[in-house]
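Participant: Here's a structure for you.
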Amino acid sequence: ATNTIQEKGSITTEANIVATYAKTTLKSGRQYIESPMFTSFDWLMKPIAYQANALINKSINNATLIAVDAKTMAGNTDMEFTTLKDKNRAYGIVYANDNDYSAQAWYYNIEHSKYTQAYVDTVATFGSIEFSAQFVNTDFDENKEDSKIYGIKASTKLANVEITVAAAEVKDVLGTSVGADSIYTSMWNSFASDQAIGKSSLISLSTKIAGLSLTTAYANYEGIDNYEGNVIAEYSISDTLGLTGVYTDTDKEEALEVMATY
């Protein structure tokens with residue numbers, strides 16, 4: 001299940017050595033991992049951090065090759081890093097061509113939670129509309145069936161409002177992720193990969209007014225008749241101080257979170 005290896009964390013989330021030779025960079029130590037299904041979800045006190053070694057290579061034009069080997073993990077609120085069992089690795093290639101087309105593919109081997117996973121997505125822009133598609137296949141060691149997830153998304157801008165609509169489907173068995181997922185219908189408190197088997201949909205509206213970034217969104221998860229609606233407001237008081245307010249409403253509860261970041 002999602003977040004099964006988030007047991008303990010640490011306030012000291014970044015402390016690493018970075019070395020670059022030619023077009024290859026090695027980053028070793030406590031750091032954030034940013035990838036679709038293995039990531040540093042930023043929530044509550046701090047983002048999730050990992051003790052890891054990461055290699056980033058940019059020898060191929062318009063492409064970045066990435067390999068990550070994570071040793072320990074620090075969750076959002078606890079005070080100690082926890083050792084991850086066995087090997088927990090991510091391999092990815094990210095391609096972008098003049099902002100008109102991009103694609104990425106990832107392979108995850110998460111031995112701590114006993115699964116391997118393949119992820120691919122592609123984004124293309126046609127005029128004022130951006131189209132995206134994604135696919136995730138998760139192979140659980142203890143399950144006979146793989147989890148398959150399909151997602152599509154379209155975004156455009158009208159006046160000063162960005163509009164996004166998305167749909168996804170989880171097939172066969174529930175999926176999983178480390179930290180958070182990047183399924184198009186995931187929300188602030190709901191990760192679509194492990195919400196329910198079945199279809200889900202999302203609509204989102206975003207705008208900026210006098211320095212205030214405002215987003216409102218609604219998602220429905222058909223498999224368990226679950227939903228989430230939220231309103232997220234972000235305001236930069238200065239270059240170093242920002243405020244964020246998040247209101248969420250699900251079929252189970254309502255919540256209000258207010259955060260100040262320096």
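The values are calculated or read from the model by the stated rules, or taken from the named source; none is laboratory data. All values reported here derive from a predicted model rather than from experimental measurement. Backbone-built Cβ (ideal geometry, glycine too); neighbour counts: all protein chains shown. Ligands, DNA and RNA are stripped out before the accessible areas are found, and what is left, the full protein with its side chains, is counted by its heavy atoms. Shrake-Rupley method; radii C 1.70, N 1.55, O 1.52, S 1.80 Å.
Participant: When you look at Y218, is it more than 25 Å from F131 (Cα to Cα) and either more than 18 Å from the chain's Cα centre (by Cα) or surrounded by fewer than 16 Cβ atoms within 10 Å (Cβ to Cβ) (or both), yes or no? Break it down stepwise before answering.
Facilitator: Numbers: more than 25 Å from F131 (Cα to Cα): no; either more than 18 Å from the chain's Cα centre (by Cα) or surrounded by fewer than 16 Cβ atoms within 10 Å (Cβ to Cβ) (or both): yes.
No: the conditions fail for Y218.
Participant: Mind telling me which of the residues S147, S132 ends up being within 26 Å of S213 (Cβ to Cβ) and surrounded by 14 or more Cβ atoms within 10 Å (Cβ to Cβ)?
Facilitator: Unique residue meeting the criteria: S132.
Participant: While we're here: Looking only at region 18-27, decide whether some residue is at pLDDT 95 or above and under 21 Å from the mean Cα position of the chain (by Cα).
Facilitator: Yes, some residue in region 18-27 is at pLDDT 95 or above and under 21 Å from the mean Cα position of the chain (by Cα).
Participant: Checking the structure you have, find out if any residue of region 66-75 is within 20 Å of the chain's Cα centre (by Cα), open to solvent by less than 60 Å² (accessible area, probe 1.4 Å) and more than 17 Å from G179 (Cβ to Cβ).
Facilitator: The answer is yes, given that some residue of region 66-75 is within 20 Å of the chain's Cα centre (by Cα), open to solvent by less than 60 Å² (accessible area, probe 1.4 Å) and more than 17 Å from G179 (Cβ to Cβ).
Participant: Would you pick out the residues in region 45-64 that are of a type in the set (A, V, I, L, M, F, W, C), without any contact (Cβ under 8 Å) to a residue 60 or more places away in the chain and either in a loop (DSSP other than H, G, I, E, B) or buried (at least 17 other Cβ atoms within 10 Å of the Cβ) (or both)?
Facilitator: Matches in region 45-64: M45, A49, A52, A54, I56, I60.
Participant: Also, quick follow-up: I'd like the residue in region 13-22 that is assigned to a loop (DSSP other than H, G, I, E, B) and closer than 30 Å to T244 by Cα and, out of all such residues, is least open to solvent (accessible area, probe 1.4 Å). First the steps, then the outcome.
Facilitator: Within region 13-22, the subset assigned to a loop (DSSP other than H, G, I, E, B) is 13-14, 22.
Going one step further and asking which of them are closer than 30 Å to T244 by Cα, we end up with 13-14.
Working: T13: 14, E14: 100 Å².
Out of the qualifying residues, it is T13.
Participant: Working carefully through the options G229, G175, find the one that is more than 30 Å from K87 (Cα to Cα) and not polar (S, T, N, Q).
Facilitator: Exactly one of G229, G175 is more than 30 Å from K87 (Cα to Cα) and not polar (S, T, N, Q), namely G229.
Participant: Please find, within region 23-40, the residue that is nearest to I60 (Cα to Cα) out of those that are open to solvent by 50 Å² or more (accessible area, probe 1.4 Å), touching a residue at least 12 places away in the same chain (Cβ under 8 Å) and part of a loop (DSSP other than H, G, I, E, B).
Facilitator: K23
Participant: On to the next question. Just one of the numbered conditions (1) surrounded by 14 or more Cβ atoms within 10 Å (Cβ to Cβ); (2) touching a strand residue (DSSP E or B) at 6+ places or on another chain (Cβ under 7 Å) is not true of V161; which one?
Facilitator: (1)
Participant: A further question on this structure: Please indicate, with yes or no, whether at least one residue in region 102-114 is over 24 Å from P47 (Cβ atoms) and basic (K, R).
Facilitator: Within region 102-114, one or more residues are over 24 Å from P47 (Cβ atoms) and basic (K, R).
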